[in-house]
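A.B. asks: First the structure, which I've put down as structure tokens, then a few questions once you've had a look.
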Amino acid sequence: MASENSGSTAAETPRKVALVTGITGQDGSYLTELLLEKGYEVHGLIRRSSNFNTQRINNIYIDPHNANKALMKLHYADLSDASSLRRWLDVIKPDEVYNLAAQSHVAVSFEIPDYTADVVATGALRLLEAVRSHTVDSGRTVKYYQAGSSEMFGATPPPQSETTPFHPRSPYAASKVAAHWYTVNYREAYGLFACNGILFNHESPRRGENFVTRKITRALGRIKVGLQRKLFLGNLQASRDWGFAGDYVEAMWLMLQQEKADDYVVATEESHTVEEFLEVSFGYLGLNWKDHVEIDERYFRPAEVDNLKGDASKAKEVLGWKPKVGFEKLVKMMVDEDLEIAKREKLLVDAGHMDAQQQP
């Protein structure tokens, strides 16, 4: 019998349907590409904005009027609006839900703590409750993935695994801890197939430009072509376990393919400081970072997280997952992309279409 979701003929295997919050973000774009490659129909929830913010998924967007090819569809909703979440669950009838949406900037969470908690913590609770009530009313099984963060470990010494106590050091991290335990509670209380992915820092050329890794590579490209001279940073001794976002979304998918729902740390098991990131990135382009980087106190957090390094033994053993992209390859991938962007900017500056003095 044909699936109600796919329009398939009886001889065809029905397409799986995934619902992704945060689809326009770094992780959402990579996950959507992976799911489409695996034959899924993907529905993304996006917030209404006066500015389009779909650039990360423009390469896979097909006009929905082209019904046979448009396997990714976007819908307006918000984690602060429970009614919209339940409505789209009822309409889309997903097999899998990936909750990636968040106010995900740690430093910004100190500036807007109420909003961060509402979206990251209570937003996850709203979505879990929408999934639970949908499954009760429809009799369907829906698998749920919650995006956790290594920031939840905070001040707890490394290495950090699934059994390591949480000690969050920011409103963002505390909100993620709440979302984590909401997910565990819904799994234990209602039997929901709900998994937590505790992902350590994962970067890519699609990373937001106000995150330290992308801030570095973006500025480096501009410095190399002469559009910028200085880069202002905070704590250079902060140490992080950095991996490639494209690798990490595979782990998300694998969690929902298991027979039993569980929680997993996803990490490279290597830790590098911000200073090491500077050395590799600037050295790759033949520059000395010390000639260009200045410390600005405003970029220090009220409560610092010194060292995050994951123990991903469980993900390797149970999921068969391991990272493919190492630290240096990741850094060089990001530098290459941002150097090309800077070269295009230089053309616009030379033609008088941009002001090169916007950066110091």
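A.B. asks: Could you state the angle between the C-alpha long axis of helix 245-255 and the longest principal axis of the C-alpha atoms of the chain, as a value from 0 to 90 degrees rounded to the nearest 10?
C.D. replies: For 245-255 against the chain, the angle is about 20 degrees.
A.B. asks: Okay, moving on. Can you check what the Kirkwood hydrodynamic radius comes to for segment 178-300, Cα pairs only, in Å to one decimal?
C.D. replies: Roughly 16.8 Å, rounded to one decimal.
A.B. asks: Moving on. Run the numbers for Met354 and Asp262: contour at 0.36 nm per residue of separation, minus the present Cα-Cα distance, in nm.
C.D. replies: 28.1 nm
A.B. asks: Using only the alpha carbons of the chain, determine the length spanned along each of the three principal axes and report them from longest to shortest in whole angstroms.
C.D. replies: Per principal axis, max minus min of the Cα coordinates gives 65, 49, 38 Å.
A.B. asks: What are the equivalent ellipsoid semi-axes of segment 268-330, built from the alpha-carbon gyration tensor (square roots of five times its eigenvalues), in whole angstrom, biggest first?
C.D. replies: Value: 29, 19, 6 Å, ordered largest first.
A.B. asks: Next up: Starting from the Kirkwood Rh over alpha-carbon pairs, what translational D in µm² s⁻¹ does segment 308-358 have by Stokes-Einstein at 20 °C and 1.002 mPa s?
C.D. replies: Details: Rh = 14.4 Å.
The calculation lands on 149 µm²/s.
A.B. asks: Please find the FRET efficiency linking Ser133 to Glu209, where r is the Cβ-Cβ separation and R0 is fixed at 41 Å, and quote it to the nearest 0.05.
C.D. replies: Step by step, r from the Cβ atoms, then E = 0.60.
A.B. asks: Moving on to the next point. Semi-axes, largest first, in whole Å: what does sqrt of 5 times each Cα gyration tensor eigenvalue give for segment 1-122?
C.D. replies: Equivalent ellipsoid semi-axes, largest first: 29, 16, 12 Å.
A.B. asks: Then there is this: Can you sort Thr54, Thr213 by 1.4 Å-probe accessible area, starting with the largest?
C.D. replies: On the way: Thr54 25, Thr213 0 Å².
Result, largest first: Thr54, Thr213.
A.B. asks: Sticking with this structure for a sec: How big is D for segment 54-117, in µm² s⁻¹ as a whole number, if Stokes-Einstein is applied with the Kirkwood radius of its Cα pairs at 25 °C and 0.890 mPa s?
C.D. replies: Calculated translational D: 169 µm²/s.
A.B. asks: A follow-up question, please. Accessible area per residue, 1.4 Å probe, Å², for the chain: what's the number?
C.D. replies: 46
A.B. asks: Which three semi-axes in whole Å describe the equivalent ellipsoid of segment 72-185, each the square root of 5 times a Cα gyration tensor eigenvalue, listed largest first?
C.D. replies: Numbers: eigenvalues 149, 54, 23 Å².
Calculated on Cα positions only, the semi-axes equal 27, 16, 11 Å.
A.B. asks: Considering only protein heavy atoms and a 1.4 Å probe, what is the carbon-and-sulfur percentage of the accessible area of segment 91-159?
C.D. replies: Details: 1340 of 2420 Å².
In segment 91-159, the share of accessible area belonging to carbon and sulfur is 55 percent.
A.B. asks: Still on this structure, please answer the following. On C-alpha positions alone, give me the angle between the axis of helix 171-190 and the longest principal axis of the chain, in degrees, nearest 10.
C.D. replies: With rounding to tens, the tilt is 20 degrees.
The values are calculated or read from the model by the stated rules, or taken from the named source; none is laboratory data. Computed from a predicted structure; not experimentally measured. Here Cβ is always computed from backbone atoms with ideal geometry, including for glycine, and neighbour counts include all displayed protein chains. These accessible areas exclude ligands, DNA and RNA; they are computed on the full protein's heavy atoms, side chains included. Shrake-Rupley method; radii C 1.70, N 1.55, O 1.52, S 1.80 Å.
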